[in-house]
Amino acid sequence: MVALTENPLRIGLQQQRVPEPSIVVFFGASGDLTKRKLVPALYKLKQERKLPPELTIVGVARREWSHDYFREQMREGVMEFSGGVTSEEDWEEFAKGLFYCPGDIDNPLSYQKLKAFLGELDEQRKTRGNRVFYLSVAPNFFPEAIRQLGGAGMLEDPRRSKLVIEKPFGRDLSSAQSLNRIVKQVCREEQVYRIDHYLGKETVQNLLVFRFANSIFEPLWNRQYIDHVQITVAETVGVEDRAGYYEKSGALRDMVQNHLMQVFCLTAMEPPNSLDADAIRTEKVKVIQATHLADLAHLDRCAVRGQYTAGWRKGKPVVGYRDEPGVDPNSMTPTFVGLKLTIDNWRWQGVPFYLRTGKRMPKKVSEVAIHFREVPHTIFQATGKQANPNVLVMRIQPDEGIALRFDVKMPGADLRSRSVEMDFGYGASFGKSSGGDAYDRLILDCMMGDQTLFTRSDEVEAAWRVVTPVLEAWESPTDPSLMPEYEAGTWEPQAAEEMINRDGRRWRRLHT
Ligand code: BG6
């Protein structure tokens, strides 16, 4: 455990702020995300007094719901998926600002109706024309919704209207480029907030603070001292009821291009000049642009996929991916991806970054592990023991914290060493975990006009560029029996093991 000293460092990202009164419009309001995450996030912000009393929410979806029915649905969401309502009075106050406006994504009349309704609400709720349009719809509707919002003149005022786009942003480089073009036709980049909820996680933001608010790590953060880096995002859940989406997406699109690439960028980027959103985003883009798969001529040596087969979860049998409801029995959609990336720059030349993510793994764990080089010359040969290389692990979730492994002398007359860990835990040090999925933080930042935690157009495209060779290779027809497998409840497929073993390294074993 690390003793915690109060640090007076004021990080701009953390300052208490209250946005201007505004209307947040959720497209796709009858869907899961609005009910489970988005409205509960706003309710939480409201309870924490981080929102102005005028804040207004409008749900838009095809179903003919009434305002009251929408309010009931959202109340259910708050009760079921977040901390519940603090008091009836409190909820009533919040619910007064909830409205519903039925509409079709592709019908211009719906947008005219919405525009008029928002105008009325401005009068009634004193929201001063400020709008956040949040697209929580299936990705194939993004282009149409953006065009229509632009066509209806709802994105014209760059100071008053913002556009939030959920992931996935495109399904490959060309669709992301075309979506970016559509966005550019109707609004400016400073109005656009591309969501990656990993950036909302405290521990992901902490990568920045840890690296750039401490002087002792940065001098070691390079090829001279680091042997390789492992980034893991493992989940215990399977595809759940999302086969419709997941079958077309798979782990590479669902997790790697966005969440893992964001974690990768914050680990590998150069120090930005300031905390300014564009200073940070520019450094992220620079590092992704220098990144590529380690062996483009032999993709199988640097990119491995896999699919879970039937296995066990918490002592109960679970079905394999191809037997999940809605999944093609010959599906070639990967539920596991392992990649080896390299970065062509002075800092990282020759240092591989291994990324892995999978569903139905034995443990939910996301972490970045920095493996340092071995000592250049060991004086302990005579003791018959090699020194263990140091490892610094930044645990993103759960059990958020940071651990540094190093060797110490074991007590006794012999000169025997053992690896020990120095461990900082958010829970132990701050009395609470680093907190949830962070939609509250992201929505608040968006309302405040802070784009730091949102991805810029060039960043999304650069991330697609890195994975494009694998996407293309894996999309070519392959015999379904050749898909590498791993049993549900076990770690990566054998092929991923082989990929890293070939380099004389091993994946970290993460205890269950
Ligand atoms: C989402 C993916 O973006 O992230 C899901 O679509 C995945 O498939 C989820 O389960 C993981 O997020 P978290 O915050 O639970 O690690």
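The values are calculated or read from the model by the stated rules, or taken from the named source; none is laboratory data. Everything numeric in this text was worked out from a predicted model, so none of it was measured. Because the Cβ atoms are built from the backbone with ideal geometry, glycine has one as well, and the counts that use them run over all protein chains shown. With ligands, DNA and RNA removed, areas are computed over all heavy atoms of the protein, side chains included. Shrake-Rupley method; radii C 1.70, N 1.55, O 1.52, S 1.80 Å.
Things to note:
- Against the criterion of solvent-accessible heavy-atom surface with a 1.4 angstrom probe, Glu421, Glu76 sort, most first, into Glu421, Glu76.
- Mean projected area (nm²) of the alpha-carbon convex hull when the range 272-358 is viewed from all directions: 9.4 nm²
- Rounded to the nearest 500, the 222 nm mean residue ellipticity of the chain from helices alone is -9500 deg cm²/dmol, with -39,500 (n - 2.57) taken per DSSP H run of at least 4 residues.
- Calculated SAXS-style log₁₀ I(q)/I(0) at q = 0.14, 0.17, 0.23 Å⁻¹ - the range 75-129, Debye, Cα scatterers: -0.56, -0.74, -0.90
- Model label points for Lys363 and Glu498, set 7 angstrom from Cα along the Cα-to-Cβ axis, are 2.7 nm apart.
- Listed residue (Val263, Phe212, Val192) projecting farthest to the positive dipole end of the range 182-309, Cβ model: Val192
- Between the listed residues Ala152, Leu55, Leu392, the Cα displaced farthest toward the positive end of the dipole of the chain, a dipole computed from Cβ unit charges relative to the Cα centre, is found at Leu392.
- 31 Å Cα-Cα threshold exceeded, pairs from Lys44/Lys286; Lys184/Lys286; Lys96/Lys364; Lys35/Lys248; Lys113/Lys167; Lys35/Lys432: Lys44/Lys286; Lys96/Lys364
- When nucleic acids and ligands are ignored and a 1.4 Å probe is applied, Asp479 ends up with an accessible area of around 80 Å².
- Placing Arg360, Arg194, Arg242 in order of accessible area, with the largest value first and a 1.4 Å probe, yields Arg242, Arg360, Arg194.
- Estimated from the Cβ-Cβ distance and a Förster radius of 41 angstrom, the FRET efficiency linking Ala473 and Ala213 is about 0.50.
- Between Ser178 and Glu144, the distance separating the two model label sites (each 7 Å from Cα on the Cα→Cβ line) works out to 1.5 nm.
- Where the chain is the region considered: accessible area per residue in Å², 1.4 Å probe: 46 Å²
- Unit Cα scatterers, Debye sum, the range 382-512: log10 I(q)/I(0) for q = 0.16, 0.18, 0.20 Å⁻¹: -1.22, -1.25, -1.26
- Translational diffusion of the range 311-385, µm² s⁻¹ [Kirkwood Rh, Cα pairs; Stokes-Einstein; 37 °C; 0.692 mPa s]: 192 µm²/s
- Farthest towards the positive end of the charge dipole of the chain, among the residues Phe99, Val466, Ile500, is the Cα of Ile500, using unit charges on the Cβ of Lys, Arg, Asp and Glu.
- Counting only Cβ charges, +1 for Lys and Arg and -1 for Asp and Glu, the dipole size of the range 331-455 around its Cα centre is about 540 debye.
- An oblate overall shape is assigned to the range 119-220, the ratio a/c of its alpha-carbon gyration tensor axes (a ≥ b ≥ c) being 1.5 or greater and a/b not exceeding b/c.
- In this view, the solvent-accessible surface of Lys167, computed with a 1.4 Å probe and all protein chains in place, comes to about 50 Å².
- Relative contact order computed over the chain (Cα-Cα under 8 Å; 6+ residues apart), in percent: 17 percent
- Using all pairs of distinct alpha-carbon atoms, the Kirkwood hydrodynamic radius of the range 236-280 works out to 12.8 angstrom.
- Convex hull per residue volume in Å³, alpha carbons only, for the chain: 172 Å³
- Inter-label distance for Arg63 and Tyr245, nm, one decimal - labels placed 7 Å from Cα along Cα-to-Cβ: 1.6 nm
- Solvent-accessible surface (1.4 angstrom probe) belonging to Arg75, in square angstrom, nearest 10: 60 Å²
- Computed from the C-beta positions of Arg505 and Glu72 and an R0 of 51 Å, the FRET efficiency is 0.40 to the nearest 0.05.
- Accessible-area composition of the chain, carbon plus sulfur, in percent [1.4 Å probe]: 51 percent
- Dipole check for the chain: with +1 at the C-beta of Lys and Arg, -1 at the C-beta of Asp and Glu, and the Cα centre as origin, the magnitude is about 780 Debye.
- Cα convex hull volume per residue for the range 209-255 (Å³): 129 Å³
- Scaling against 2.2 N^0.38 Å puts the C-alpha radius of gyration of the range 348-424 at 1.38.
- Put Ser136, Ser66 in order of accessible area, highest first, and with a 1.4 Å probe you get Ser66, Ser136.
- Taking the alpha carbon gyration tensor of the range 423-487, multiplying each eigenvalue by 5 and rooting it gives semi-axes of 37, 23, 11 Å, largest first.
- Close amide-amide hydrogen proximity is noted between Arg194 and Ile165, Thr455, each under 5 Å apart and 5 or more residues distant or on a separate chain (H modeled in the peptide plane; Pro and chain starts excluded).
- FRET efficiency estimate (nearest 0.05) - Cβ-Cβ, Arg313 to Leu415, R0 60 angstrom: 0.85
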